[in-house]
């Protein structure tokens, strides 16, 4: 359909969609950067979606049962900003639109979760939105099973581009959604045939409809500029019990001289081009000037859901007050007080039992406590359930046949798992955790970064956290991964030393307002915290685990499996008359947040300091040489290369991560 | 086909394949770990491939024109070890097989490149092998175009499992191979329906044949235990002008009581099970005992290619000696001497011209020099060609219609690009480089780690290396990525300060025996090395760029775009009488490798030290507080959070990465 036909045949639609188009043109022009063509091309689809299908109420943007709209093709951010502004979201003012991409504006270059209501997730890194959406849809299914269809019954809509579909994570998402039969997930593919470098065909020949269909999706297609065709396709998709993909054939930068070109993908800032495009649209209004009648029509769309919202509120009111409170608690991420008591009880039992356990197994034991208290946890593993110990007995499998199940078989899809967990956390009502081998944080890293950027409560259960993994060899042994994850702002990295610290770490993960990575061992570890403490010592990041017996001449600092190595080294050194303190440091981030007086008590000036950790040194100099330290009296026992394939005990000997090597490092520095 | 039928109908085949099966059983039993079921299940396919199709000569394993065999499902490593041993590769002795998964053995838990001949790439992290294979096949096409079919004409065969196909990177690989019409790439899918957690169907319902077909592949299927059917499928695949996928329907752990179960995926170590399986096979020989007649048949297979090898050697001999030498040089990765001279010339010109240029543009200028001297470079970008500046004018597009082209449109596939580049480097004859935004190293990280582990010469052109990226915002601004990449053993990270250092960085990348990541700016940078030096100063990792004018009271250490900030800060401080040295530190790794005397000259004890880098502090304490430093006199000007969306200059002000802030940090410490 060419634009003259479109305009003639659907004048009301045309005006609304064109308001979106010109807002994108105007904002990109003002910012002198951004992406004009995608909002121009997808304005018709978005208009039909918001006008005819999307369940939302602009004046109640936090409505728990709203449909979720995810702009996976986040570079087209002006599309969502325009939609939110025109439909009347209070915080998306025209001033924000005018300040597109400027410091402090809600209208960042890519949609940023938390900047404005209606932005359900941060997108921009391609493929993430579509992969988040699978988690949104899973959360909806889980909550519906728990609270009933009267309270939870909504769709997740996604606009995805060719870039999203080329990124590998999209395949993981498509595969997971297809298997899970997520019928309320609908992806609108902006099939414009253009990427930054040119036509899609220079890098891909994939038949996307066949690809989605191969993974268990329903597929539809439409002219992405014909409002009736778009409406009909969405209607059909809503009927399908399977996730649906609608190929919307569109023209990027429609109506401009850059239409259907890679130039049209980017920032259209040429004055003549913009003037010509406005003329082609028959749009006579000035920049950022949307006629009142068109605004009014959009506002009506924004208010359309208000009745449904009120009806929903009434239905919620028919639940028992306990059930209502529980729904609100789960949606807001509150933690019931009894969890803390349960964890204290568990810690006490375990301190007394003092059993040698791998911390991955400790984690399973703690999860038994947590999962019993928090019905909103949904665990899972990327096909290593028995190794990651994520499945506690009462969870059941989350599946199309059992939406009350709480453990997901994510398949061999670390990246898709992390992205889905972000979606669950963002949706609300679910506390997701998922496991894989720690070395495969590399596969999941782009989504883990978004957990941190969006401050989402996602728990990463990363087991086999060192050469202690053993025979699988260097491809499976993390060496640099603790450092790499600690480098990420906002990622809480905790490497507990035993079952007690693992319980404390989990308590912190559940109470956090951001993501946590738990680094857990494959190999058994003795309990180092045999004296019970009700206080969560791990929350301090580091603490004195064992004081020097004689004059304090050395401080050993260790994390995780190396804390018991440090304790052994202390025994050797004390036997030689070298007073040695052992500091357990499960979390550098948390220790850095303590006040200086506490940090000084833990790490006073003077003694030799040696850190022991089966990873690279990077990051440790902060505690060895800075923080009242002295580089001439600082040592490190750890890894400076990749690992090797052999039984774990042999590897620790081979790479010199032993009590004797630690003691020797101290002697060398005294 | 059940095993009794198979044995009865193809007794010779049966014996050979069963030798592979029992070797896997025996080695896994001896190691008490590993994966028995996959080698057992795929032994028939592998036997047919090696006996009837694979072009190789066990006595000439480095034959440049051999077919490449890639075990993407690397956990089934005993399959390739068995094949290499039985076909007579000299270094794969029975002692190695007996020492499976033991320290120092060539038979690591997963196949490790460099451990033994015939292991073409390190596999284990799932999806990597199949993604490498695309690069192998591209390298073959490129070399064939350059040296002719007489010299280069071979296939790339891959065995991939369900795990490989579920990983997102496989979709990137499949899409790229389909677009590139890599007809000599043949993937044998071990379609056994089992993963670690159970049946594939618990996590995936994908019709893999439809999926591959959707991306432009030919697809075939066969009973993976019927040697005639396997042979026929491979024959057909070889006829196709498209890449081919053969779905080989197999039984994991065939013939054992663990057949077709997830138990069969793992280590079968139960004595009774092993005895029963041997009985079912009719195998009466002891552990590690392969009868001489079966060994002899396998050795014949290993020698089968010797004639072809000799013929090929003769054909190579018919080339001019210059052409032969050039082929050998490219295959061995040698660098012609004239490159060094060309780079020195370029440096001199640029020192004199002293133009303000973004280092991503500097990189393009240097590539112009390199690409003219080295016909084996193949560049590319993950759909950011104009931003990464990877395309120099004379390269041409590598495509099915133009195999002499030297620039690849990888599409929005950072991970697939990195994996393909590993494949190209491993194949030999190609020096690959590829670009994306530096923040997307997160997407490519699993393959970048393998570049480092395998010590492959791959150059990562990572542009937009800080908040200097500007308006695209925090999702696109690297903050922790320099630290995260520096944490990786064996990854040479270089962040040049100007065009001159960029030229030096590229010289190091080309001459390296491992991967290099170049961190390059979006924004223009002044030349800081206006005085020409023929010596490659970047090779020292850090050097004194500007000496203090008065008494040296401060040392500023900076990399990349912040070197000019440090020079400005120096000017401010010197004006206040504070003598300030500026050290440019383009590469921490290279500086750490210098002898202590040099390091002491660059970073003497005494002065205040302040580092300036638009990234996180992690890693810098090594140079600030250690290395003769003093934590009380150490400061850092950089980032401690994610970035934001705004024009770049405003961001540097906002986050306090300025000359004035740097000067103030010095004043505060004096």
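Taking the criterion of being facing chain B (nearest Cβ under 8 Å) and either in a helix (DSSP H, G or I) or modelled with pLDDT under 95 (or both), the residues of region A:210-225 that qualify are A:210, A:211, A:213, A:214. Is it fair to say residue B:28 is within 15 Å of residue B:256 (Cβ to Cβ), within 14 Å of another protein chain (Cβ to nearest Cβ) and in a helix (DSSP H, G or I)? Answer is yes for this residue.
If you check B:207, B:197, B:231 for being more than 7 Å from chain A (Cβ to nearest Cβ), touching a helix residue (DSSP H, G or I) at 6+ places or on another chain (Cβ under 6 Å) and modelled with pLDDT of 95 or more, only one passes: B:231. Helices (runs of 4 or more DSSP H) fully within region B:352-429 that include at least 2 residues being within 14 Å of another protein chain (Cβ to nearest Cβ) and surrounded by fewer than 20 Cβ atoms within 10 Å (Cβ to Cβ): B:385-388. Taking the criterion of being farther than 19 Å from residue B:215 by Cα and within 30 Å of the chain's Cα centre (by Cα), would at least one residue in region A:266-278 satisfy it? There is at least one residue in region A:266-278 that is farther than 19 Å from residue B:215 by Cα and within 30 Å of the chain's Cα centre (by Cα). Residue A:590 meets the conditions (1) away from chain B (no Cβ under 14 Å); (2) crowded, with 24+ Cβ neighbours inside 10 Å; (3) in a helix (DSSP H, G or I); (4) in contact with a helix residue (DSSP H, G or I) (Cβ under 8 Å, 6 or more places away or on another chain) in every case but one. The failed one is (2).
Looking at B:407, B:481, B:415, B:427, just one residue is at pLDDT 95 or above and over 21 Å from residue B:135 (Cα atoms), and that residue is B:481. Scanning region B:248-262 for residues that are surrounded by fewer than 20 Cβ atoms within 10 Å (Cβ to Cβ) and either free of Cβ contacts under 8 Å to residues at least 60 places away in the same chain or within 18 Å of residue B:188 (Cβ to Cβ) (or both) gives B:249, B:257. Considering the conditions (1) within 11 Å of chain B (Cβ to nearest Cβ); (2) in contact with a helix residue (DSSP H, G or I) (Cβ under 7 Å, 6 or more places away or on another chain); (3) crowded, with 24+ Cβ neighbours inside 10 Å, residue A:642 is excluded by exactly one of them, (3). When region A:560-587 is filtered for residues that are surrounded by fewer than 18 Cβ atoms within 10 Å (Cβ to Cβ) and under 30 Å from residue A:515 (Cα atoms), nothing remains. The residues on offer are A:462, A:448, and the sole one that is within 10 Å of chain B (Cβ to nearest Cβ), in contact with a strand residue (DSSP E or B) (Cβ under 7 Å, 6 or more places away or on another chain) and either outside any strand (DSSP E or B) or under 19 Å from residue A:588 (Cα atoms) (or both) is A:448.
When we screen A:615, A:656, A:579 for residues that are within 25 Å of residue B:449 (Cβ to Cβ) and over 35 Å from the mean Cα position of the chain (by Cα), the only hit is A:656. Residues in region A:1-25 that are without any contact (Cβ under 8 Å) to a residue 24 or more places away in the chain and not in a helix (DSSP H, G or I): A:2 only. Set side by side, the residues B:230, B:252 differ, and just one is under 30 Å from residue B:263 (Cβ atoms), more than 22 Å from the chain's Cα centre (by Cα) and not in a helix (DSSP H, G or I), which is B:252. Taking region A:61-76 as the range and being touching a strand residue (DSSP E or B) at 6+ places or on another chain (Cβ under 7 Å) and farther than 23 Å from residue A:317 by Cβ as the test, the residues that pass are A:68, A:69, A:70, A:71, A:72, A:73.
Set side by side, the residues B:151, B:194 differ, and just one is assigned by TED's automatic domain parsing to the domain that holds residue B:259, at negative phi and surrounded by fewer than 24 Cβ atoms within 10 Å (Cβ to Cβ), which is B:151. Can you find a residue in region A:30-37 that is buried (at least 24 other Cβ atoms within 10 Å of the Cβ), in the same structural domain as residue A:100 (by TED's automatic domain parsing), touching a residue at least 12 places away in the same chain (Cβ under 8 Å) and more than 23 Å from residue A:274 (Cα to Cα)? The answer is no; no qualifying residue exists.
Annotation note: Cβ proximity below 8 Å between a residue of region A:571-593 that is outside the structural domain of residue A:482 (by TED's automatic domain parsing) and a residue that is modelled with pLDDT under 95 and assigned to a loop (DSSP other than H, G, I, E, B) (sequence gap 6+ or interchain) occurs for A:574/A:550; A:577/A:550; A:578/A:550; A:579/A:550. Filtering region A:279-303 to residues that are without any contact (Cβ under 8 Å) to a residue 24 or more places away in the chain and under 39 Å from the mean Cα position of the chain (by Cα) leaves A:289, A:296, A:300. Just so you know, in region A:593-608 the residues that are farther than 30 Å from residue A:514 by Cα and in contact with a helix residue (DSSP H, G or I) (Cβ under 9 Å, 6 or more places away or on another chain) include one that is surrounded by the fewest Cβ atoms within 10 Å (Cβ to Cβ), and it is A:606. Residue pairs whose Cβ atoms lie under 7 Å apart, separated by 6 or more positions or on different chains, with the first residue in region B:318-331 and outside the structural domain of residue B:425 (by TED's automatic domain parsing) and the second surrounded by 15 or more Cβ atoms within 10 Å (Cβ to Cβ) and part of a helix (DSSP H, G or I), are B:324/B:316; B:327/B:147.
Of everything in region B:65-107 that's outside any loop (DSSP other than H, G, I, E, B) and at the interface with chain A (Cβ under 10 Å from one of its Cβ atoms), which residue is nearest to the chain's Cα centre (by Cα)? The residue in question is B:74. Taking into account only those residues within region A:624-633 that are more than 7 Å from chain B (Cβ to nearest Cβ) and touching a strand residue (DSSP E or B) at 6+ places or on another chain (Cβ under 6 Å), which is nearest to residue A:522 (Cα to Cα)? Going through the qualifying residues, I end up with A:624.
Scanning region B:482-505 for residues that are under 18 Å from the mean Cα position of the chain (by Cα) and either in a helix (DSSP H, G or I) or not assigned by TED's automatic domain parsing to the domain that holds residue B:421 (or both) yields B:484, B:485, B:486. In the condition set (1) touching a residue at least 40 places away in the same chain (Cβ under 8 Å); (2) more than 14 Å from chain A (Cβ to nearest Cβ); (3) part of a helix (DSSP H, G or I); (4) within 26 Å of residue B:540 (Cβ to Cβ), residue B:657 is compliant with all but (3).
The values are calculated or read from the model by the stated rules, or taken from the named source; none is laboratory data. Since the structure is predicted, the reported quantities are computational estimates derived from the model, not experimental observations. Cβ sites come from the backbone with ideal geometry, for glycine too, and all protein chains shown count toward neighbours.
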